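Encoded as structure tokens, here's the structure I'll be asking about.
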Amino acid sequence: MSGILSLMLIVPLVAAIACLFVSANQARWIALGATLVDLVLGGVLWANFEIGGPQWQFVEHYPNLFGAFGWSLGIDGFALLLIMLSVFLMPICIGASWEAITKRVQEYMAAFLITEVLMIGTFAAQDIFLFYVFFEAGLIPMFLIIGIWGGANRIYASYKFFLYTLLGSVLMLIAMMYMTITAGTTSIPELMAYDFPAGVQTWLWLAFFASFAVKMPMWPVHTWLPDAHVQAPTAGSVILAGVLLKLGGYGFLRFSLPMFPEASAQLIWLVFGLSCIAVVVTSLIALVQSDMKKLIAYSSVAHMAIVTLGLFTFNRQGIEGAMMVMLGHGLVSGALFLCVGVIYDRLHTREIDRYGGLAINMPKYAILFMLFTMASVGLPGTSNFVGELLALMGTYQVSTLATLIATTGIILGAGYMLYLYRRVVFGDLTKDDVKAMPDLNKREMALLAPIAAAVLWMGVYPESFLAPMRADVATLLARIERARPAGDSLPTPGNPAAAKAAHAPEHKSAEHGAAH
């Protein structure tokens, strides 16, 4: 299977170039065909991924291809799942743009295909500078998608998005240059095993944090996200919430934790503090929104805060939970933006108060919208429940206070999502233009049904998503175990196994301190 990752990059790249030289309708079909080919290749990748096999699979390595850095690709379980999320959502985005985008269709489809190339490249890159190129270049097509095909205030939103995300990344590039000079390699797997001095780790960690925190986005550098979502076309919002927000979480998992374990433990208070503020503050802001897209955008910030909590727990439940929330949120928030797009196409407004009583004349829409609303809240049997439960269980082992605050965010989440659903779908159908809105057509059903199936699959049988990353979580834990902070959770009285587990990290940290 050597070369499959390069093939997954070449297919959308060639299609993107082809889109620029054909008619609008042909560009749509080329884009759809290329994204479906990549989805099939993604299925082949998953089917041939050896669970419990070597950590890095499908490796391609051509050193010194670009002088300073080489063409080096390979994936582990984390990258596999995020690549699958990307290739799954891409054909749905093309389908969502089929009728909505009528101007400069060729360039629009090309921009989306380039976005797919850069997302897959980011997750598959095994050279630190190759990763940086893919990671940063992802800004460009998204900047164009918002700036050209966005709403009335699109120029402001696209520049804000671009400047926010670019600023943090300059510091990351400087840190990368220092790391490669110190370690003498640009290989990510080798850097993950390299021990940087504890004093230097803090500065490197902060440099990477500046970039990843904006991408997540963490409070207080999240303010670009609501503007970008509101102005972006529907498909732009789907891919922004579905995949691009996950680049920050992937960065923490791939760089911050394994490369700087001591700094991660030392600055855990910063991550937990910002995450707890984000969960509560953005949930309260979401409660008072009148624009549907803005409400879902703020809910994304709250969900990503649970991801950052889980990632920095230094235990299996937290890290697996964070990954599951990333995947679940990618599906659910993408679906919610599609649901908003469906009614926006009919009435051309996102104001919540303009709707009401849609259950009467759009029953299919009401059922699917309810499923995604419940999944966002974390209803058992849906994708987000598994991830949120695991992430909070992991967080509880480290900080009971952070868990308490994060759990209030889930309660507030139920408040704003159910409040949104009640105002849009229930109530009296009094407005004539709302009465005239037709139910979902075949194209819209074809877009929403696969996501609904995936959301239920994740909720009912999470093992198929947990299995590919289990060995990688174990590898990561073995690497960061030495820096694991002692949690403040007390064992259950009368449970000797829990008492023993609670004291284990303390002994380890005491031994580690004695060794130093």
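The values are calculated or read from the model by the stated rules, or taken from the named source; none is laboratory data. The structure presented is a predicted model; accordingly, all values stated were derived computationally and were not measured. Cβ placement follows ideal geometry from the backbone for every residue including glycine, while neighbour counts extend to all protein chains displayed. Areas reflect the complete protein model, heavy atoms only, side chains present, ligands, DNA and RNA absent. Shrake-Rupley method; radii C 1.70, N 1.55, O 1.52, S 1.80 Å.
Can you tell which of Gly378, Gly341, Gly387 is farther than 26 Å from Phe252 by Cα and at pLDDT below 90?
Numbers: Gly378 fails: farther than 26 Å from Phe252 by Cα; Gly387 fails: farther than 26 Å from Phe252 by Cα.
Going through Gly378, Gly341, Gly387 in turn, the sole match is Gly341.
Looking only at segment 423-436, which residues are open to solvent by less than 10 Å² (accessible area, probe 1.4 Å) and farther than 14 Å from Thr373 by Cα?
Narrowing segment 423-436 to residues open to solvent by less than 10 Å² (accessible area, probe 1.4 Å): 424-425, 434.
The answer is Val434, and nothing else.
Take the residues of segment 353-370 that are open to solvent by 60 Å² or more (accessible area, probe 1.4 Å) and not basic (Lys, Arg): which is farthest from the chain's Cα centre (by Cα)?
First, pick out the residues of segment 353-370 that are open to solvent by 60 Å² or more (accessible area, probe 1.4 Å): 353-354, 360, 363-364, 367, 370.
If we keep only those that are not basic (Lys, Arg) as well, we get 353, 360, 363, 367, 370.
Numbers: Asp353: 30, Ile360: 34, Pro363: 30, Ile367: 25, Met370: 22 Å.
For segment 353-370, the residue satisfying everything is Ile360.
Next up: Within the group Leu392, Leu404, which residue is part of a helix (DSSP H, G or I), farther than 18 Å from Trp457 by Cβ and free of Cβ contacts under 8 Å to residues at least 24 places away in the same chain?
Leu404
Which of (1) modelled with pLDDT of 90 or more; (2) in contact with a strand residue (DSSP E or B) (Cβ under 6 Å, 6 or more places away or on another chain) does Leu331 not meet, given it meets every other one?
(2)
Can you list the helices (runs of 4 or more DSSP H) found entirely within segment 106-191 that contain at least 1 residues being charged (D, E, K, R)? Quick ask: steps written out before the conclusion?
Values: elements: 128-137, 139-149, 154-183.
Here the list reads 128-137, 154-183.
Any idea which residue in segment 450-480 is nearest to Ala263 (Cα to Cα), counting only those that are open to solvent by less than 20 Å² (accessible area, probe 1.4 Å), touching a Ser or Thr at 6+ places or on another chain (Cβ under 8 Å) and of a type in the set (A, V, I, L, M)?
Residue satisfying both the conditions and the ranking: Ile480.
Another question, then. Which residues, counting only those in segment 219-259, are over 21 Å from Phe337 (Cβ atoms), among the aliphatic types (A, V, I, L, M) and at pLDDT below 85?
If the condition is that a residue be over 21 Å from Phe337 (Cβ atoms), among the aliphatic types (A, V, I, L, M) and at pLDDT below 85, then Val221 is the only one that fits.
Just one of Ala157, Ala210, Ala175 is among the aliphatic types (A, V, I, L, M) and in contact (Cβ under 8 Å) with a residue 60 or more places away in the chain; which is it? Can you show your working first?
Details: Ala210 fails: in contact (Cβ under 8 Å) with a residue 60 or more places away in the chain; Ala175 fails: in contact (Cβ under 8 Å) with a residue 60 or more places away in the chain.
None of the others qualify; the one that does is Ala157.
Could I ask something else about it? For segment 40-60, enumerate the residues that are at negative phi, surrounded by fewer than 18 Cβ atoms within 10 Å (Cβ to Cβ) and either free of Cβ contacts under 8 Å to residues at least 24 places away in the same chain or not hydrophobic (A, V, I, L, M, F, W, C) (or both).
Val40, Gly43, Ala47, Asn48, Glu50, Gly53, Pro54, Gln55, Glu60
Looking at segment 320-351, which of its residues are open to solvent by less than 10 Å² (accessible area, probe 1.4 Å), more than 16 Å from Cys93 (Cβ to Cβ) and out of contact with any Phe, Trp or Tyr (no Cβ under 9 Å at 6 or more places or on another chain)?
Gly321, Val325, His329, listed by residue number.
Please tell me if Ser290 is among the hydroxyl-bearing types (Ser, Thr, Tyr) and out of contact with any Gly (no Cβ under 7 Å at 6 or more places or on another chain).
Yes, satisfied.
Same structure, new question: Looking at Thr373, Thr382, can you tell me which residue is surrounded by 20 or more Cβ atoms within 10 Å (Cβ to Cβ), touching a Phe, Trp or Tyr at 6+ places or on another chain (Cβ under 6 Å) and either touching a residue at least 12 places away in the same chain (Cβ under 8 Å) or of a type outside the set (Gly, Ala, Ser) (or both)? Break it down into steps so the answer makes sense when it comes.
Details: Thr382 fails: touching a Phe, Trp or Tyr at 6+ places or on another chain (Cβ under 6 Å).
After ruling out the rest, the residue left standing is Thr373.
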